[in-house]
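Please find one structure pasted underneath; my questions will follow.
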Amino acid sequence: MPHLEIFQTLAISLALGLLVGLQRQHQNARIAGIRTFPIVTMFGTVCALLAGDFGGWIIAAGALAVTALVVTGNLIQRDIKPDDVGQTTEAALLLMFAVGAYLVIGNTAVAVAIGGAVAVLLHLKETLHQAVSKLGEKDLHAIMQFVVISLVILPVLPNQAYGPYDVLNPYNIWLMVVLIVGIGLAGYFAYKIFGDKAGTLLGGVLGGLISSTATTVSYAKRSKAGETKNTNYNLIALVIFIATAISVVRITVEVAVVAPGGTLAIVAPPLVTLLLLMAVLIVLGFFFKKEDAGRMPEQENPAQLKTALVFGAIYAIVIVATSAAKDHFGNSGLYIVAIISGLTDVDAITLSTSRLMNDEVINQQTGWKVIMIAALSNIAFKGAMVAVLARRALFTRVAVLFGISLAAGLLIIWLWPENFQLHWLTKL
C-alpha cells in the first residue's frame with residue numbers, strides 16, 4: 001500500500017475512533033473514552049497492515065489483546081458499582097478494532113458507515129430505550145409477523161414463472177408483499193411514536209404511509225361524529241388530502257424500487273408533476289388551518305399475515321389481468337384494468353405494471369398512463385367514500401381538492417410530451 005494511502009487510512013481510523021470515543025467520554029464510560037477508542041481503532045488498522053506481510057493471525061492476536069484489555073479494565077474497576085451496568089462500551093471497543101482492521105482489508109465507505117452507525121446508536125441510547133418501552137405486545141407481534149413474512153416465507157418460495165403468460169413468480173409476488181407491508185409497518189411505528197401528538201401535516205403523512213384509504217375513512221367518520229359547530233372541516237379535508245398526496249409518493253417509490261433506470265425516468269416525471277400541484281394545494285390549505293389536528297384515529301397493524309395474503313392474491317390477479325388485457329384488448333384493456341384496480345388497491349397495479357414494463361411486456365409510454373389512471377381512480381374512489389361517510393361540508397372541501405387533482409391528472413395524460421424522460425434517472 002502506498003505511503004499516502006496508509007496515512008489516509010490511519011487518519012480515517014483516528015477520526016472514527018475519536019467520534020465514538022467522544023460519545024463514550026460524554027457518557028462517562030468506565031473503561032474507554034476519547035483516548036482509548038481512537039487508539040484501539042488505529043491498533044486494528046495497524047494489525048491489518050501488518051497482516052499483509054505476516055498473515056491474518058496478527059489480526060486475531062490483536063482482537064485477543066483488546067479482549068484481554070477489556071477484561072482487565074473491568075477487573076480493575078470491579079469494586080465500582082455504576083448505576084447502569086452493561087457491556088455496550090466493551091462491545092463497541094471490540095467492534096471499532098474490527099472497523100480499524102476493515103479499513104485496510106475491506107471497503108472504506110463500509111467501514112466509515114459502520115463507525116458512524118456505532119456512534120449514532122450509542123448516542124441514541126435513551127431514545128431507543130424509550131421507543132422500546134412504548135412497544136406493547138401488539139407491536140412486538142407486528143414485528144414478529146413481518147419477520148415471518150420477509151425472512152421465513154420469502155426465502156423458501158420458488159423464483160420461477162408459472163401460470164398463464166408466465167407472469168406468476170411466487171418469489172417476486174411475495175417480494176412485492178414484503179415491500180408494501182414494510183412501508184406500512186414503517187408508517188405504523190412512526191404513528192406509535194408520534195400518533196398522540198400528530199398534527200395536520202404529520203397526521204396526513206403517517207396516514208398516507210400506513211393506508212391513505214383507511215385514513216380517509218377514519219377522518220370522514222370522525223367528522224360526522226363531531227358536532228357541526230366544533231368541527232374544523234378545512235383541517236380534516238387537509239389531512240385527507242395530505243394522505244392522498246403521500247400515496248402518490250408511495251407510487252413513485254414503488255416504481256423506483258421495482259423498475260429503476262429507464263422505466264423510472266419515464267414514469268416519475270408525470271407523477272412528480274401531479275405531486276407538485278398537490279403540494280401547492282396543501283400549502284394553500286394551511287392558510288385556512290385554524291388549529292392542530294389533535295390525535296390521529298387508531299391505526300391497524302399492517303403486518304398481519306391475512307393482510308399480506310390478501311395483497312399477494314390481489315397482486316397476482318392484477319398482473320395476470322393486465323397481461324391478459326394487453327394480449328386481448330391492447331391499451332384500452334389496460335386502462336380498464338387500471339380503473340378497476342385503482343378502486344381497490346393502487347399498489348398492486350403500480351407494482352405489476354412496473355414489473356411488466358421492466359420486462360418489456362408493456363410499453364413504457366403506455367405503462368405510466370396506466371399507473372396514473374389507477375392513481376386517479378383511487379382518488380375518485382376516496383372522494384366517493386367521503387361523500388358517503390362524511391358531512392356535506394367536508395365533502396365539499398374534499399371535492400374541490402380532489403377535483404383539481406383529477407383534472408390536472410387527466411390533463412397530464414392528455415398533454416404530456418411523448419418519450420419525455422429525465423435522463424439522469426436512467427443511471428439509477
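The values are calculated or read from the model by the stated rules, or taken from the named source; none is laboratory data. Predicted model only: the values in this text are computed from it and were never measured. Because the Cβ atoms are built from the backbone with ideal geometry, glycine has one as well, and the counts that use them run over all protein chains shown.
Please enumerate the residues belonging to the range 377-400 that are in contact with a Ser or Thr (Cβ under 8 Å, 6 or more places away or on another chain) and more than 11 Å from residue 216 (Cβ to Cβ).
Once the filter is applied, which keeps residues that are in contact with a Ser or Thr (Cβ under 8 Å, 6 or more places away or on another chain) and more than 11 Å from residue 216 (Cβ to Cβ), the range 377-400 yields 377, 391, 393.
Of all residues in the range 21-50, which are under 15 Å from residue 114 (Cβ atoms) and modelled with pLDDT under 85? Please lay out each step first, then the result.
Narrowing the range 21-50 to residues under 15 Å from residue 114 (Cβ atoms): 23, 37, 40-41, 44-45, 48.
Within the range 21-50, 23, 37 meet the criteria.
Going by the structure shown, is residue 377 assigned to a helix (DSSP H, G or I), in contact with a helix residue (DSSP H, G or I) (Cβ under 9 Å, 6 or more places away or on another chain) and within 25 Å of residue 264 (Cβ to Cβ)?
The answer is yes for residue 377.
Run down 128, 140, 168, 154 and say which single residue is surrounded by 13 or more Cβ atoms within 10 Å (Cβ to Cβ) and under 29 Å from residue 208 (Cβ atoms).
So the residue among 128, 140, 168, 154 that is surrounded by 13 or more Cβ atoms within 10 Å (Cβ to Cβ) and under 29 Å from residue 208 (Cβ atoms) is 154.
Now for a different question. Test of understanding: among 79, 53, which residue is acidic (Asp, Glu), modelled with pLDDT of 75 or more and not assigned by TED's automatic domain parsing to the domain that holds residue 188? Break it down stepwise before answering.
On the way: 79 fails: modelled with pLDDT of 75 or more.
The conditions single out 53.
Considering only the range 351-362, I want to know if a residue exists there that is over 28 Å from residue 330 (Cβ atoms), in a helix (DSSP H, G or I) and at pLDDT below 90.
No, that holds for no residue.
Quick check, is residue 32 within 19 Å of residue 87 (Cβ to Cβ), in contact with a Ser or Thr (Cβ under 8 Å, 6 or more places away or on another chain) and small (Gly, Ala, Ser)? Show your work before the answer.
Values: within 19 Å of residue 87 (Cβ to Cβ): yes; in contact with a Ser or Thr (Cβ under 8 Å, 6 or more places away or on another chain): yes; small (Gly, Ala, Ser): yes.
In short, yes.
Taking only pairs six or more apart or across chains, which ones have beta-carbon atoms under 6 Å, a first residue in the range 334-356 that is more than 19 Å from residue 253 (Cα to Cα), and a second residue that is of a type in the set (Lys, Arg) and part of a helix (DSSP H, G or I)?
334/326
I've got another one for you. What are the residues in the range 1-21 that are of a type in the set (A, V, I, L, M, F, W, C) and either touching a residue at least 24 places away in the same chain (Cβ under 8 Å) or surrounded by 20 or more Cβ atoms within 10 Å (Cβ to Cβ) (or both), if any?
Selection gives 1, 6, 10, 12, 14, 16, 19, 20.
Right, here's the next one. Report those helices (runs of 4 or more DSSP H) wholly inside the range 46-156 carrying at least 3 residues which are under 23 Å from the mean Cα position of the chain (by Cα), within 24 Å of residue 24 (Cβ to Cβ) and not aromatic (Phe, Trp, Tyr).
108-123, 125-133
Right, next: For residues in the range 326-341 being surrounded by fewer than 20 Cβ atoms within 10 Å (Cβ to Cβ) and of a type in the set (A, V, I, L, M), which is nearest to residue 371 (Cα to Cα)?
339
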